[in-house]
Amino acid sequence: MGEDFKWVNVDKREYIEPFAFNYGARFHQCMSRENEVRNALHSLLSDEWKGNRILWIGDSCSVEESYPNDLIRVLYEQTVEFGHPEDVFDLICETYQDVSGLFKEAEECVREYIGAYIADVRAGIDVPNEFGIDINHPFRGLFQRETEEYRYTINYTKGIYYELEETAVVARVHNAAFSTERYYYEVEEDPLSLLLGYGEKAKPGEWLGDAIGVSNQRPEGFFRIPRIYLKYYPYYHNSCTLSRRMVRRMPKSKESIAVYPAEKGKTPKNTLSGDVPPA
């Protein structure tokens with residue numbers, strides 16, 4: 001079985017469930033720019049989740065006291081209070097609140113989930129109240145908002161941001177024809193799940209534990225990231241690297257554009273994917 005992920009706000013003890021929006025929950029399945037899960041996250045990050053510590057966390061991982069990240073240690077402390085040290089998945093499911101139902105786009109699935117919950121409660125089955133509902137008025141306050149995309153994704157801790165019309169998101173693949181080289185091409189993906197990811201096999205994101213938000217106003221005094229590299233796309237969305245070097249955005253093309261890693265002090269070469277790399 002694979003690992004499923006959800007967006008979790010550790011400070012608010014809330015989360016967004018991709019399944020509630022009828023989306024897959026594997027690591028890469030909510031990276032597209034046009035999806036309601038991403039837009040629900042943006043809607044929250046523009047308002048009640050603004051500046052909070054969030055992460056894209058998998059259901060197969062654990063959290064350890066010795067892990068070198070403050071946010072993971074906070075989660076570990078919460079699992080200890082919960083009575084099951086390191087068991088972060090059960091902690092979230094049983095003590096955090098699913099806020100997916102705030103959005104109209106999740107109504108169909110959430111109504112079904114709540115109906116099943118009510119049936120279990122009436123049958124005497126002890127199940128967690130994931131949506132925090134009043135069983136007598138189960139849908140009160142739900143499905144009132146529409147998801148919305150915001151232009152700028154901001155890291156308040158590091159003082160940086162990216163904007164997908166200005167920041168090039170570049171994927172790296174291992175091409176069978178060039179097995180000894182690393183190739184890059186531009187993709188239409190949002191890298192936030194990579195920057196905030198944490199899972200059994202996913203490399204911890206560079207922004208893990210930072211205060212995050214979104215806005216339609218460019219943040220003054222913040223540094224714009226010019227390029228973000230995704231590794232092993234599209235097979236394993238498990239890490240990315242931020243580039244602070246100011247480089248021109250690669251041109252759009254039906255063919256993949258490959259960028260060879262630059263030697264120190266030199267600009268990387270660009271080539272079409274069919275070209276033979278230099279020795």
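Would you please give the residues with an amide H less than 5 Å from that of ARG26, counting only those at least 5 places away or on a separate chain, with H modeled from the backbone geometry? Correct list: PHE5.
With neighbours defined as other Cβ atoms within 10 Å of a residue's Cβ, the residues HIS28, HIS137 order from fewest to most as HIS137, HIS28.
Restriction of the trypsin sites (Lys or Arg not before Pro) in segment 37-124 to DSSP coil positions whose beta-carbon has at most 16 other beta-carbons within 10 angstrom yields LYS50. Starting from the Cα gyration tensor of segment 5-122, take the square roots of the eigenvalues, sort them a ≥ b ≥ c, and report rounded, prolate or oblate (rounded when a/c is under 1.5, otherwise prolate if a/b is larger than b/c, else oblate). Cα axes put segment 5-122 in the oblate bin. Between the amide H of CYS61 and those of GLU200, distances stay under 5 Å, these residues lying 5 or more places away or on another chain, with hydrogens modeled in the peptide plane.
The protection proxy used here, the mean number of other Cβ atoms lying within 10 Å of each residue, ranks peptides 155-165, 139-149, 192-202 as follows, highest first: 192-202, 155-165, 139-149.
The HN-Hα couplings worked out from phi for segment 52-59 by the Karplus form 6.51 cos²θ - 1.76 cosθ + 1.60 (θ = phi - 60°) are 7, 9, 10, 8, 9, 10, x, 8 Hz, whole numbers, x standing for Gly and Pro.
What FRET efficiency do you get for ASN136 and SER60 if R0 is 30 Å and r is their Cβ-Cβ distance, rounded to the nearest 0.05? Efficiency, from the Cβ-Cβ distance: 0.25.
Remark on ASN52: its backbone amide H falls under 5 Å from those of ILE212, a criterion applied only to residues 5 or more positions apart or on other chains, H modelled at 1.01 Å from N.
Our estimate of slack between ARG218 and ILE125, defined as 0.36 nm per intervening residue step minus the Cα-Cα distance, is 28.5 nm. Looking at segment 1-60, the GluC sites (Glu not before Pro) that sit in a DSSP loop and have at most 12 other Cβ atoms within 10 Å of their own Cβ are GLU34. As a proxy for reagent exposure, ranking ARG33, ARG224 by other Cβ atoms within 10 Å from fewest up yields ARG33, ARG224.
Read-outs throughout are calculated quantities, based only on the coordinates presented, and are distinct from any laboratory measurement. Note that this is a predicted model, so its numbers are computed, not measured. Please note: Cβ atoms are built from the backbone with ideal geometry, for glycine as well, and neighbour counts cover all protein chains shown.
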